[in-house]
1. If we only count strands (runs of 3 or more DSSP E) wholly inside the range 354-428, which ones have 3 or more residues that are within 25 Å of L199 (Cβ to Cβ)?
2. Return the total of residues in the range 415-438 being surrounded by fewer than 21 Cβ atoms within 10 Å (Cβ to Cβ), within 18 Å of E38 (Cβ to Cβ) and not aliphatic (A, V, I, L, M).
3. Only one residue in L88, L98, L72 is free of Cβ contacts under 8 Å to residues at least 40 places away in the same chain, assigned to a helix (DSSP H, G or I), on the phi < 0 side of the Ramachandran plot and not β-branched (V, I, T). Which one?
4. Please determine whether any residue of the range 290-298 is among the aliphatic types (A, V, I, L, M) and either within 21 Å of I225 (Cβ to Cβ) or surrounded by 20 or more Cβ atoms within 10 Å (Cβ to Cβ) (or both).
5. When both residues are 6+ apart or on different chains and their Cβ atoms are under 9 Å apart, which pairs have a first residue that lies in the range 310-339 and is within 19 Å of P213 (Cα to Cα) and not assigned by TED's automatic domain parsing to the domain that holds G253, and a second that is surrounded by fewer than 24 Cβ atoms within 10 Å (Cβ to Cβ) and not hydrophobic (A, V, I, L, M, F, W, C)?
6. Could you check, for the range 362-372, whether at least one of its residues is more than 26 Å from D188 (Cα to Cα) and free of Cβ contacts under 8 Å to residues at least 12 places away in the same chain?
7. Among residues belonging to the range 371-414 that are loosely packed, with under 13 Cβ neighbours inside 10 Å and within 29 Å of the chain's Cα centre (by Cα), point out the one that is modelled with the highest pLDDT.
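The values are calculated or read from the model by the stated rules, or taken from the named source; none is laboratory data. All figures in this text were calculated on a predicted structure; none of them were measured in a lab. As a convention, Cβ positions derive from the backbone with ideal geometry for all residues, glycine included, and neighbour counts pool all protein chains shown.
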Amino acid sequence: MNRDLQALLLRDNPWLAEPGRLSGWLRHRLPDSLIPREVSRAVRERWAEANRAHLVVGPRQAGKSTLLWSHLAERGEPALFVDCEQVLVQEWCRSAPLFLADLEELLPRPVTLFFEEAQHLEEAGLFLKGLVDRRVGVPVLVTGSSSFHLGARTRESLAGRATRTRLLPLSLSEACHDLAGKPPLVADRLATERFERHLAFGGYPAVWQAEQPDLLLADLVEAVILRDASDLFRIGRPDAFRKLLHLLATQVGSLVNLAEWASILGISRDTVAAYLEILEAGHVAVTLPPFVGGRRAELTSRPKVYLVDAGIRNRLVHDFHPLAERADAGPALENWVFSELWKSLPDGADLHFWRSSSGAEVDFVVQRGEAIVALEVKAGRPGRPTIARAARSFLEAYEPRTLLMVQGGLTHREREGGTEVRWLPPREVAEALRESLA
């Protein structure tokens, strides 16, 4: 083993030289203020399975490493931490057989392997496949910012060899985890305040806990999203990539128009599509496909675009004002609701929007098996409960299980045929979706 590599591994894993430091080393890796994440116990138990790669993917600084460190600290077992951003490590991880041969010299017995930011490896999927196929006898934990590098780009498939867990920035319910048990009036007031902060600054853990979240968001956009994209994908026109990101922020909820965007940015349509794919792979943006039920003429081709984190969007449009003071209140709230839905989708559920060829539109449609839940988002002041004509068209065509009307502080329930129609404030949308699909 290369001496410099050995020194790097010993520095990052001091318990190798002094086993008594293991528990302190694990605790030291956790932040002082740990926000619990809503990852099921079943998923955590799965991470202990040997001879499989357990991938935790999501954007940078969303808390992927912290989640795995908390898992390791809870188990109290040794793990070899491998920082894949280091050039020495990248060279080491070119061959699974040579990597394992070196491990036999380094470790007295096999331990859990923890690869941090594996997208920096030249062929991450091929390397991980090699480890799993050689039945290393331990779990292989992996974090990565880009699902593109951990899956589609490699020629080898991890199908049947890996579990995948997506971790995004904090949802509002995660940000409000400590309100349980407080007096109802106090909890309600604090939840309302946190909703406004979450809508303004988003849910990246460090940003959420910062005293000056706007400054941290600026660093996040520049140093993480733009730098990482440039480093990993060798973007030929970083100026156009930056402009595209700003363009998406101003057009959340709009139909994707590659030709128009290409004209604005001065690049080809194919380049716009490639840059958009990069932003999706990095969990920065999402293109949302239309719902196609087949019961009436519908828009069936062009998707809509949203940003995953509200704080990133607000940084790009330079507006952190409360919702009531925003000129773009409608798009800001719609993008925030999208983000909450995207984070809380249960297994087997798909998120869409619906638009008929005549222009009738429903903001979001969630489908899970035969169950359909429609959602309409209104940023204006709540009046009396009213179902818009477009929503009625959708009810008549598909009879969804539930129609959720997300509108200010309005709270009301009624039935429209076989559909429960429920008016609710935005901060309750994720919980209401879970109830509707239960």
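1. Of the strands (runs of 3 or more DSSP E) lying wholly inside the range 354-428, those with at least 3 residues that are within 25 Å of L199 (Cβ to Cβ) span 361-368, 371-378, 402-407, 419-424.
2. Qualifying residue count for the region: 4.
3. Going through L88, L98, L72 in turn, just one is free of Cβ contacts under 8 Å to residues at least 40 places away in the same chain, assigned to a helix (DSSP H, G or I), on the phi < 0 side of the Ramachandran plot and not β-branched (V, I, T): L98.
4. no
5. Cβ pairs passing all conditions: none.
6. For the range 362-372, residues more than 26 Å from D188 (Cα to Cα) and free of Cβ contacts under 8 Å to residues at least 12 places away in the same chain: present.
7. Out of the qualifying residues, it is G380.
One line per residue, one yes/no per condition, for (1) assigned to a helix (DSSP H, G or I); (2) loosely packed, with under 13 Cβ neighbours inside 10 Å; (3) under 19 Å from the mean Cα position of the chain (by Cα):
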{"position": "G181", "(1), (2), (3)": "no, yes, no"}
{"position": "A187", "(1), (2), (3)": "yes, no, no"}
{"position": "A191", "(1), (2), (3)": "yes, no, no"}
{"position": "L199", "(1), (2), (3)": "yes, no, yes"}
{"position": "V207", "(1), (2), (3)": "yes, no, yes"}
{"position": "E211", "(1), (2), (3)": "no, yes, no"}
{"position": "L215", "(1), (2), (3)": "yes, yes, no"}
